[in-house]
Amino acid sequence: MEKEVSKFKSVFERITGKVSPEYITCKACSRRALKDVWERNLSICPTCGKYRPMTAHSRLRAIFDEGTMKEFNQDMITTDKIDFPGYEAKVKQLEKKTGINESAVTAEGRINGIHVVAVVLDTRFFMGSMSSVVGEKVTRAVEFADIHRLPLIIFSASGGARMQEGIYSLMQMAKTSAAVEEFSEHGGLYISYLTHPTTGGVTASFATLGDITLAEPGALIGFAGPRVIEQTIGQKLPKGFQRSEYLLKHGFIDKIVPREQMKQTLYDVLKLHVDSRFTRRMDAI
Amino acid sequence: MIRDSLLEAEKIESRIRELRAEGKNENDQELLLLSIEKAKALRPCTSLTPEDKVYLARKIERPHIDDFIENLFTDFFEQKGDHLYDDDPAMYGGIARFHGIPVTVLGHRKGHTAETSAKYNFGMAKPEGYRKALRLMKQAEKFDRPIITFVDTPGAFPGIDAEEHGQGEAIAKNLAAMSRLRVPVISVVTGEGSSGGALGICVANKILMLEYAIYSVLSPEGFASILWKDSSRHGEACAIMKLTADDLLDAGVADEIIQEPLGGAQENPKRLYGSLDMSLEKNLSHLMQMTPEQILIDRKEKFRKIGAVSA
């Protein structure tokens, strides 16, 4: 890998002797911008405004007050549960490529001072699909929020079940839903934040169990994938089908929140709950 | 594939029925020979591949929820509709007695003919079906009735209206609500248990699987389509998915396997009803000795443990 890089050393590097800055090209307008600019702009194209998926860590950095984040269960290891050909190798390869070891990152931190638990799914890792580790990390994060009476925020983004883990993947739906339900019974606040794409087993479990459901503009949200539906009914789907705006119209989402307003909106909702006399027992503040 | 052996056995069986109709009794030489022929034809069924089991699990002659209710329960009172929007014919259920005890019984409905299969949408429920199931289960809890569910679906229905009415939300609500029920829940996977559509009525204290039933994250066709963009490779998918009753027992999902007659339940349904009845009775009386709190914890722990992760 290192050899290849040196072979294709850029003009910038050859002249200055420094590592060339990393650029990212927008898929919509084909303009490129510095990676740091994208990061600071919440992965929104500075030129055309198109969203790129946020990595789990950049999402957490964007919502948490600086220096307040503490990540949970970073060392949980994904194992090959059903002897699926090539699974372990693929996991290793993605680990190396993305720098994360699973599609769920879970953490505690503060949003303008309010202590919360947050879960983010990262689509770079097996399309954010639900593995045993994802189910376990989500469940433990919910249990942590329950024990410490903290509000819970989950940013979903997932292709659904992790096929390579077979039935174990399916069972994570039951496990995570059970944890969320118990948390809810105890009076816990859960804000479900749907991002592109949220489908399959994640939609049919914790993603649709929020007290408050927010979504990013234009996100694909559904149970069955569009391709499967088209094949089943033998016709083209209407424009905008299964997008955030469509779900809002059909009554499944409270609000579509542009990314620039993410932290403020979360804070506003949290504040309303923290101040309520019914949730005074929450230890979030 | 065992398809040919089963067809052969079917031919012999129809000849046996003809002879019986003519008044021949068990001592008749031809009948005796034919029954030996039939046993021979079914011999390949003693060792089945996962793909064979998928074939059996989907067989249209296989007993479905209607048959189980008719043969294992009495006084069935059907309850219809989610009382919100619609009645989903793919989800069937109501109140009945099992060994005299009032229970709530529900499950995916499938037909035995092309016509009834289509009428019940091949067991593919819509959100209205899951909400009907939820209504029935919440009522069961209110009146302290145990719940028995029969699982048999290729998956929840993937359609425009199903999505617009919140297929994902409906299933999620069932998972959440079932996890907190304070009455015993027993699920029987009778045919194909595929994806969230199966799980949506299968968060149970005890999960029984018929010997040739399957239970998987997705249908083999869907699995092949997602992984290899080619649903025709479903045979390959069957081989690696670990979807047979034995696999599910190993995974800690299934608690018990109900043995089926050679060649599948349809070969001798009465015998299957007998063993299923015994197992249901045993499991139910065990669960009914537990307190509501114990029942809830028992179910929670079952699912909390599946696919446990270290660290």
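Quick note: the coordinates plus some simple rules give every number you see, no bench work behind them. For clarity, every value in this text was computed on a predicted model and none was experimentally measured. Please note: Cβ atoms are built from the backbone with ideal geometry, for glycine as well, and neighbour counts cover all protein chains shown.
A few notes on this one:
- Straight-distance crosslink candidates among lysines, where the alpha carbon sits under 22 Å from residue A:236 and sequence neighbours closer than 8 are dropped: A:249, B:126, B:229
- As a rough footprinting exposure proxy, the listed residues A:87, B:273 were ranked by other beta carbons within 10 Å of their own, and the order from fewest upward is B:273, A:87.
- The mean number of Cβ atoms from other chains found within 10 Å of a Cβ in peptide A:77-84 is 3, as a whole number.
- In plain terms, the bigger the Kirkwood radius, the slower the diffusion; for segment A:53-279, with that radius from Cα pairs, at 37 °C and 0.692 mPa s, Stokes-Einstein puts D at 184 µm²/s.
- The protein assembly as shown: C-alpha pair distances exceeding 42 Å, %: 27 percent
- Ranked for footprinting exposure by Cβ neighbours inside 10 Å, fewest first, A:173, B:290 give B:290, A:173.
- For the protein assembly as shown, the Cys residues with no second cysteine's beta carbon closer than 4.7 Å are B:45, B:202, B:238.
- Chain A, relative contact order [Cα under 8 Å, separation at least 6], %: 13 percent
- Tensor-based shape of segment B:50-305 (alpha-carbon gyration tensor, a/c under 1.5 rounded, otherwise prolate or oblate): rounded
- For segment A:1-142: rounded, prolate or oblate by the Cα gyration tensor [a/c cutoff 1.5]: oblate
- Couplings for segment A:38-53, taken from phi via the Karplus curve 6.51 cos²θ - 1.76 cosθ + 1.60 with θ = phi - 60°, read 4, 4, 5, 9, 6, 6, 9, 4, x, 7, 10, x, 5, 7, 9, x Hz in order; Gly and Pro are left as x.
- Structure-based [θ]222 nm, the protein assembly as shown - -39500 (n - 2.57) summed over DSSP H runs of at least 4, per residue, nearest 500: -12500 deg cm²/dmol
- Pairs beyond 27 Å (Cα-Cα), from B:282/B:302; A:35/A:92; A:35/A:255; A:92/B:302: A:35/A:255; A:92/B:302
- For peptide A:229-236, the mean count of partner chain Cβ atoms within 10 Å of a residue's Cβ comes to 3.
- Entries of B:80/B:110; B:53/B:270; B:132/B:305; A:70/A:97 with Cα pairs more than 18 Å apart: B:53/B:270; B:132/B:305; A:70/A:97
- Neighbour counting of Cβ atoms within 10 Å sorts the residues A:64, A:241, A:125, fewest neighbours leading, into A:241, A:64, A:125.
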